[in-house]
1. Go through the range 25-119 and tell me which helices (runs of 4 or more DSSP H), entirely inside it, have 2 or more residues that are at pLDDT below 90 and either open to solvent by 60 Å² or more (accessible area, probe 1.4 Å) or among the basic types (Lys, Arg) (or both).
2. Regarding Asp3, is this residue outside any helix (DSSP H, G or I) and at pLDDT below 85?
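The values are calculated or read from the model by the stated rules, or taken from the named source; none is laboratory data. Remember, predicted model here, so these are calculated numbers, not experimental data. Ligands, DNA and RNA are stripped out before the accessible areas are found, and what is left, the full protein with its side chains, is counted by its heavy atoms. Shrake-Rupley method; radii C 1.70, N 1.55, O 1.52, S 1.80 Å.
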Amino acid sequence: MSDETTPSAGWRADSAADRTADRLNRQTDIARTAALIADPSRARILKALCDGRALPAGALATEAGVGASTVSAHLAKLVEGGLITAVREGRHRFYRLRGPEISTALEALALIAPPLPITSLRESGVTNALYRSRTCYDHLAGRLGVALLRALLDGDILTGHDGIHRPERAVRDRPSAYGQTPSTG
């Protein structure tokens, strides 16, 4: 069962909150979701979708290094498992992550996962590109992101500090991070 929307449509703002509230009120099947992500081809498909774009099956087959029939089977499992949605535009189907929380979960897993060995020139290029300039939904990262921020700070275009929240100095800042809900007072 797929969520048919247009490729350019973003995620519904209330859907992630609704899903989170629903999951907090019940036991969750982490093992089923982990099994979907555990397959290397499906993991590569999910990583390819982490930038929020809707991609066609052919592009995802290339990313995963599998054929058309194999990618179709993987995409069907990911749609059925609720990790991605299918988007129809004319005769074509595009696939995207169900919501930004999927990317957040994949990023969290990447923090504890060992790096993949680089076995080809293409993988070396992708790894170097990620190191130089990486984007994640709402921010620019990597060496390029750090250099851009440094230039903006040095040029007094932005003001900033070391990134440590100091409540005693904060005027309107509230602490927030993954896993924390900012206070409303």
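1. On the way: elements: 30-38, 40-48, 57-64, 68-80, 100-112.
Correct list: 100-112.
2. Values: outside any helix (DSSP H, G or I): yes; at pLDDT below 85: yes.
In short, yes.
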